[in-house]
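The values are calculated or read from the model by the stated rules, or taken from the named source; none is laboratory data. All figures in this text were calculated on a predicted structure; none of them were measured in a lab. In this analysis, Cβ positions are derived from the backbone assuming ideal geometry, glycine residues included, and neighbour counts consider all displayed protein chains.
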Amino acid sequence: MVNYGFVIDNRTCIGCHACTVACKSEHDVPIGVNRTHVKYIETGTYPDSSREFSVHRCNHCADSPCTTICPTTALFTRNDGIVDFDDDRCIGCKSCMQACPYDALYIDPNQGTAAKCNYCAHRIENSYEPACVIVCPTESIVSGDLDDSNSRISQIVATHDVKVRKPEAGTKPNLYYVETSDEMLDPSASEVTGTGVWTEQAFGVGHFAKYAESRLEQADTPSMIVQLALEKKAKSASPRDQAIIRDVMSKLSDDSPKAKRVYDQPSKGILWGWEVSAYLTTKALATGPYMVFMLLALTIGIAPKVMLGGFLLLSLAMLSLTGILLIIDLDRPERFLYVLLRPNWSSWLVKGAYLLLGYGAVISLHLVGLFMDASWTFHVNLAILGIPLAWMSGIYTGFLLRQGKARQEWSDKSTFEISLEHTLMLIAVAVGVFMIGTPLLANTFDVTAFLVTVVGVGLLILTSYVNHREIIEPQMEPLL
């Protein structure tokens, strides 16, 4: 069996970008995005400093998380180990980008679909090597069959000190680096100084420039300004003050990473923004109140028709809004039905879509039964199916986020943590709705009713804030 992979020789790479240009030319890659790119870092202090170059791209993982999370099998692993993609199936949901620990994917700004290095599969099929390999002037990029012990790539891997990026992610990458530094492979080991190439694009480009200004505040520019001011002040200060200034400058230096990025590709910024965080809240409103109300009603043995109708209409309205938000977030919204018609059952996007569809059907049957004046037994039988569907519909996003292996805060959560956190969120939303709705149903507008309503609104706002932070903050960490 063939198993294609890459070796990047950091000892000989000169950072010429021939691979980047060749890749752009071969695949007509739009401006602002790259399938392959070169990262520069500098270590040490002048004159004892050094610069390192490294080529980054898709790692063609043996256990690729992008193919697992993709809801429509637009990303797939071929029999020869190449992780390829199909434009015609992609819906632009960006879940593959959340799953890739190597930030190898992008949304094509012209097509609205995901793209990445596909190992020049069209060239491989005609017995040619990838374009980047052919054009590299120092032969720093080596391609070939990793399972063939006689191939050059296998011999390099077997006889040299090679490393892979983020082995802790468990993706089994098929891209190896020869004698590279830990600072090059670890995104947190090098600081973004705010100076150098791509400075103006360091915190988001194009469609993904959301939150760029707030992220720019995280750059190290302020500490650099402080350090320059201290250096200038030290020239005219007294010996005692010079000693203090030297101590402060030493502390600033100690607190900063030892490696600096001087050339990098632009960040893709926030991939899932307010639409996704808002859909978490609307989904909780669609499922939590129904779940809690029906559990109480089953315990008591009856439910007032007015209250039952109110909760059902709230669920249906919020469920519809949830669907709208999900579709709005897609870069190819006209293809949203592909999730149902071309499903990849390993993706929680697909499982979640069918859960929401099933839950919506239960709510609709409840409403039909209410309109037809069906017996309480009818609603009880529906609730036996509806309550677990509501719970699973409310919490499944946590399992979807866990498939986003690029975000450690999401992927590290256990099943128990996900179930507990999202169940508590559903209960909090339900309590908030009860507190807002009770004074309205009781037709009381005194001080107590006002305070209860305010607390209920506060609970919903707090839940929305927590959802927003859960989605946005993990995406602020650099992946490269």
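Here Cys70, Cys19, Cys23 are screened, and the one residue that is within 23 Å of Gly404 (Cβ to Cβ), in the same structural domain as Ser181 (by TED's automatic domain parsing) and at pLDDT 95 or above is Cys70.
Just one of (1) crowded, with 19+ Cβ neighbours inside 10 Å; (2) more than 30 Å from Met184 (Cα to Cα) fails for Leu314. It is (1).
Within segment 280-304, restricting attention to residues that are β-branched (Val, Ile, Thr) and modelled with pLDDT of 95 or more, which residue is farthest from Ile363 (Cα to Cα)? Among residues in segment 280-304 that are β-branched (Val, Ile, Thr) and modelled with pLDDT of 95 or more, the one farthest from Ile363 (Cα to Cα) is Thr281. Against the test of being surrounded by fewer than 19 Cβ atoms within 10 Å (Cβ to Cβ) and either under 25 Å from Arg89 (Cα atoms) or of a type outside the set (Gly, Ala, Ser) (or both), the options Thr438, Thr397 yield a single qualifying residue, Thr438. When Asp88 is tested against the conditions (1) surrounded by 22 or more Cβ atoms within 10 Å (Cβ to Cβ); (2) out of contact with any strand residue (DSSP E or B) (no Cβ under 6 Å at 6 or more places or on another chain), the lone failure is (1).
Every residue, every condition in (1) modelled with pLDDT of 95 or more; (2) over 33 Å from the mean Cα position of the chain (by Cα); (3) hydroxyl-bearing (Ser, Thr, Tyr); (4) farther than 30 Å from Asn443 by Cβ, yes or no:
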position: Val306; (1), (2), (3), (4): no, yes, no, no
position: Ala317; (1), (2), (3), (4): yes, no, no, no
position: Ser347; (1), (2), (3), (4): yes, no, yes, yes
position: Val362; (1), (2), (3), (4): yes, no, no, yes
position: His366; (1), (2), (3), (4): yes, yes, no, no
position: Trp376; (1), (2), (3), (4): no, yes, no, no
position: Ala390; (1), (2), (3), (4): yes, no, no, no
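Working carefully through the options Leu370, Leu340, find the one that is more than 30 Å from Asp87 (Cα to Cα) and surrounded by fewer than 22 Cβ atoms within 10 Å (Cβ to Cβ).
Of Leu370, Leu340, the one residue that is more than 30 Å from Asp87 (Cα to Cα) and surrounded by fewer than 22 Cβ atoms within 10 Å (Cβ to Cβ) is Leu370.
Is it the case that segment 421-438 has a residue that's of a type in the set (D, E, K, R), at pLDDT 90 or above and within 18 Å of the chain's Cα centre (by Cα)? No - not one qualifying residue is present in segment 421-438. Screening Arg165 with (1) surrounded by fewer than 18 Cβ atoms within 10 Å (Cβ to Cβ); (2) modelled with pLDDT of 90 or more; (3) of a type in the set (D, E, K, R) gives one miss only, at (1). Applying the criterion of being over 28 Å from the mean Cα position of the chain (by Cα) and hydrophobic (A, V, I, L, M, F, W, C) to the residues of segment 4-33, the residue that is surrounded by the most Cβ atoms within 10 Å (Cβ to Cβ) is Cys13.
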